[in-house]
Every structure is written in structure tokens, then in C-alpha cells.
């Protein structure tokens, strides 16, 4: 499989600066009983295929990358490369992959399998359920999500 490399400057790669933004509307998400719940009405970046957001901080126990794939499916990844440094991931436009933002360019499939680079193991993926204008990303077991 040919791997597409994201066009990033040496400065961006050295410092591991991700291209994927944090939500423009900080209140568009919450973490509740093991699930990241995202209001798509307030998360404009995820409304169209090809969009992506990184979620971190607050009471969220780990960094999460959510991608609205060009195929229309939502996918969620533990947002840390499994290589040294645990840098963040970015989706690679025009492919079904995500890639480490650092120099090593480890690349993973939509199922989390490593397909390129020095990363020693797959990246964790999370199940995503969409119920209209809300996404639920389950980070642990089954959760009860309040309306």
C-alpha cells in the first residue's frame, strides 16, 4: 500500500504540532460515564466529510481524535502515536489513514493498524455511535448517556 505523507514543515514535525484543531466551540462536547458526547450542531468542523477535531483536557481521561471520513463514517482514535513521544495524529486527506504529526510519520489505517513507520503497535480505536446530531464515542464499557 502506498502511503501519502502529510505536507508539514520541519518545524511542525520537530515540535509535533498537529494540524487538526481543537473544537472552535469548547462547549460542543462533554465526557460522561465513559463516553465522549459531541453535539454536531455546535461542532461545525465535523459536519462535513473530511473534517476532524481533537478533544483533550477537562475531565476527558485521554486525548481523542474524531474524524468524519470522506466515506461519511465517523471514526475515533486514541490521539497518541504508539512511537516514542506519543505525539498526536492527523487525518490524511484523500486516504483512509491517520498519521503521526512528528518526524517519524507513523501511519495507521481506520482500524488502527500500523501501515507505515516505526510505531511498535496499533493505535487504539473507539466505537462511535451517531444518533442524528450527536456522536457518542465510547472510551470505556457501556455508558448511559443523558439526553
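Every number in this text was worked out from the coordinates using simple rules, so none of it is lab data. Here the structure is a predicted model, which is why all the values come from computation and not from measurement. As a convention, Cβ positions derive from the backbone with ideal geometry for all residues, glycine included, and neighbour counts pool all protein chains shown.
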Please compute the Kirkwood hydrodynamic radius over the chain, one decimal place, Å, based on all pairs of different Cα atoms.
15.4
Relative contact order (%) - criterion: Cα under 8 Å, at least six apart; region: the stretch 10-138
23
Ordering of 24-35, 70-81 by burial proxy (mean other Cβ atoms within 10 Å per residue, highest first)
70-81, 24-35
Calculate the length of the line joining the C-alpha centroid of the stretch 5-61 to that of the stretch 75-121, in whole Å.
15
Computed helical MRE - 222 nm, the chain, DSSP H runs ≥ 4 contributing -39500 (n - 2.57), nearest 500:
-1000 deg cm²/dmol
